[in-house]
Each structure stands twice: as structure tokens, then as C-alpha cells.
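Below is one structure, written out as C-alpha cells, with a few remarks after it.
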């Protein structure tokens, strides 16, 4: 395997990345990583398996620090999904100029939030020959976090009545972001709930963090995002994979919605891995807590690795 540090210019932003290539001198296809919200830097452990496995299969891999993260410039706090897609398109354009890269054989690997970015890129580039959506949410960010809150509350031992109370408060906050209620009443509702034992498990911020102007908060621009609206413009072969033990994304409901949204695609595949979690870690090896931290030593589910490699080889080589 050859490893090269690269820089990609995307408008005024410069992305710092690492390009992993097979030892062969022949031009190769390249997979580009699209980041999880919690994994903006190249060193994020959930990306390591790609560098360890793909070059040996004859497939290159580009992993760059997301804008505003690591050695890349820009401001992550104000970055939109469309800007992240533009960064990936800039990376495709840059790599396409290289003699050791096949300019029409790119794959996208988008995990979690990256699964929302990948189809935006694919809809704009004929160079994308395949995309793998890993743990992608087929629901809005607001629905996704409702699911995560319910999961965490139940894991902590709270019953259905408390879950319903927490979700109702989450909806009051989202209604405020939609402009349907006032700051004072929502701040008061948050203040009244903050001392409840369940509040810390609900992924709701305290009253002190409620913005008087919602347009200054990233959540305002993302909470109602429709991840499926782009798919009529997508013609790219697609692989969708979920871990059945995902605490962040409703796997079964997401698969149902993605299946309906991609009915026009002649080449698509769906898989749920019974022993894997959100990051495709085998649940037998480690447990992910409500903050995304692992106890034990997380190991990639081997069933996922076999599936991904076989699918990429079929579509890129």
C-alpha cells in the first residue's frame, strides 16, 4: 500500500487528506469517505478498516479532515450538507487529474450523517460509480434524535410514560425552531424539566442553551432535513447497510423508507447485520454508551467487511 498526504481546494476552504493506494502502478478506482457527525478527523477509529482492507483489493481510498476539523480550514459550526457535498466534488475533480486514478470509477462511503451527503454528490457527478450508505437515517434529524432519546431512556430503565413525556418536550423545542411557539414558554418548560431524573437521557439542552434567535443555531438548518428528497435525481448503484443494534438510527424504518425512495434504481442492495451497532462494531466486542463512548475493544463486524468488499469489487473492478 502507498500512502500520500494530499490537499484539496474547495472554494476558499483547503481540505487536508490522506490518499491510500494499492502498490500496483495501474490506475485504480478510489473510495471517498463522507464523515459521521462525530468523526470529522482522519484518525476516527471507525474509518481505519477501510485503509487496512481496500488497497489490498485494488481500490484506493481518500480520507480527508472534514472542513473545520483537524488540519482542514473552514468552520464546521456553519457548514451545510450541500457544502460538505461540494467538498467531496472538489476531491473528485482533484483526484481525476491523477494518472494513477480512474477518473470515472469513484465510490462514496457515507456513514451516519455522511449517508445524507453521499446522494447529493452522486446526483451531481457521473464519475461516481457506486455509493455505500452505512447506518444512514431515512428519517429527519428530529425523528432520528427522538429515536435515540427513546432508546437511551429505555436503556436507563424509564417506562413508556416518561419516554412520551420526554418526546413531547423534544417536540415543543422543535416547534419553537419552526416558529410555532415563543421563547419564554419553551424556556420555562425546559427549566421546569431540567431537574427531572430523565432529562439527562433525553438529548435536550437546558433552558440556558435555548437560542433567542434560532437562525444562529445549526439545528435550525438541519432538524427537518428530508434525506429522501434527493433520490429521484440519483441513478448510482447503492448499498445500504445497518446494524440491527443501532442506538442512533431506526434501522428498520430507515430501510423501509430508503427502499421506497430508491425503487427506480436497477442496482441496489439492503442489509441489516444482527450483531452490529451504529458504527458496525460487533456488539459482542464492546458496548456503545449514550455519548458514543465504547467500553471494551470495539471490533468491526466481519459480516459487514465481507459484504462491503464483495460489493465494491463487483461495482468498481
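The values are calculated or read from the model by the stated rules, or taken from the named source; none is laboratory data. Quantities reported herein were computed from a predicted structural model and do not represent experimental measurements. Because the Cβ atoms are built from the backbone with ideal geometry, glycine has one as well, and the counts that use them run over all protein chains shown.
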Residues in region 204-220 that are surrounded by fewer than 15 Cβ atoms within 10 Å (Cβ to Cβ), touching a helix residue (DSSP H, G or I) at 6+ places or on another chain (Cβ under 7 Å) and in a loop (DSSP other than H, G, I, E, B): how many?
2
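Filter region 153-187 down to the residues that are closer than 15 Å to residue 197 by Cβ and assigned to a helix (DSSP H, G or I) and list them by number. Explain how you work it out, then say what you get.
Residues of region 153-187 that are closer than 15 Å to residue 197 by Cβ, as a first pass: 153-159, 161-163, 165-166, 169.
153, 154, 155, 161, 162, 163, 165, 166, 169 - these are the residues of region 153-187 that are closer than 15 Å to residue 197 by Cβ and assigned to a helix (DSSP H, G or I).
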Could you check region 65-86 and list, in sequence order, the residues that are more than 15 Å from the chain's Cα centre (by Cα) and closer than 17 Å to residue 125 by Cβ?
86
Residue among 307, 239 that alone is under 20 Å from residue 123 (Cα atoms), buried (at least 16 other Cβ atoms within 10 Å of the Cβ), assigned by TED's automatic domain parsing to the domain that holds residue 32 and touching a strand residue (DSSP E or B) at 6+ places or on another chain (Cβ under 8 Å):
239
Search result, residues across region 113-137 that are in contact with a helix residue (DSSP H, G or I) (Cβ under 9 Å, 6 or more places away or on another chain) and assigned to a loop (DSSP other than H, G, I, E, B):
113, 123, 124, 125, 127, 135, 136, 137
Condition (residue is over 19 Å from residue 290 (Cβ atoms) and within 17 Å of the chain's Cα centre (by Cα)) applied to region 181-188: is it met by at least one residue?
no
Which count do you get for residues in region 254-268 that are under 25 Å from residue 294 (Cβ atoms) and in contact with a helix residue (DSSP H, G or I) (Cβ under 9 Å, 6 or more places away or on another chain)?
1
In the same structural domain as residue 123 (by TED's automatic domain parsing), within 23 Å of residue 145 (Cβ to Cβ), more than 19 Å from the chain's Cα centre (by Cα) and assigned to a helix (DSSP H, G or I): does that describe residue 260?
yes
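If I go through region 113-139 residue by residue, how many of them are closer than 17 Å to residue 87 by Cβ and in contact (Cβ under 8 Å) with a residue 40 or more places away in the chain? So that I can check it myself, show each step before the final result.
Let us first name the residues in region 113-139 that are closer than 17 Å to residue 87 by Cβ, namely 113-125, 127-128, 131.
From the residues that got through so far, the ones that are in contact (Cβ under 8 Å) with a residue 40 or more places away in the chain too are 113-123, 128, 131.
Qualifying residue count for the region: 13.
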Of all residues in region 269-289, how many are over 17 Å from residue 151 (Cβ atoms) and either touching a helix residue (DSSP H, G or I) at 6+ places or on another chain (Cβ under 8 Å) or outside the structural domain of residue 304 (by TED's automatic domain parsing) (or both)?
7
Can you say whether residue 167 is in contact with a helix residue (DSSP H, G or I) (Cβ under 7 Å, 6 or more places away or on another chain), closer than 29 Å to residue 275 by Cβ and not assigned by TED's automatic domain parsing to the domain that holds residue 272, as far as the supplied structure shows?
yes
If we ask which residues in region 65-90 are surrounded by 15 or more Cβ atoms within 10 Å (Cβ to Cβ), over 24 Å from residue 313 (Cβ atoms) and either outside the structural domain of residue 20 (by TED's automatic domain parsing) or touching a helix residue (DSSP H, G or I) at 6+ places or on another chain (Cβ under 7 Å) (or both), their number turns out to be 8
Please state which of the following conditions residue 263 fails to meet, knowing it meets all the rest: (1) without any contact (Cβ under 8 Å) to a residue 60 or more places away in the chain; (2) buried (at least 21 other Cβ atoms within 10 Å of the Cβ).
(2)
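Being within 21 Å of residue 278 (Cβ to Cβ) and modelled with pLDDT of 95 or more is the filter here; which residues of region 62-100 pass it? Can you show your working first?
Initially, region 62-100 is screened for residues within 21 Å of residue 278 (Cβ to Cβ), giving 63, 66, 69, 76, 81, 84.
Across region 62-100, the qualifying residues are 63, 66, 69, 81, 84.
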Can you name every residue in region 18-40 that is more than 19 Å from residue 134 (Cβ to Cβ) and not in a loop (DSSP other than H, G, I, E, B)?
18, 19, 21, 28
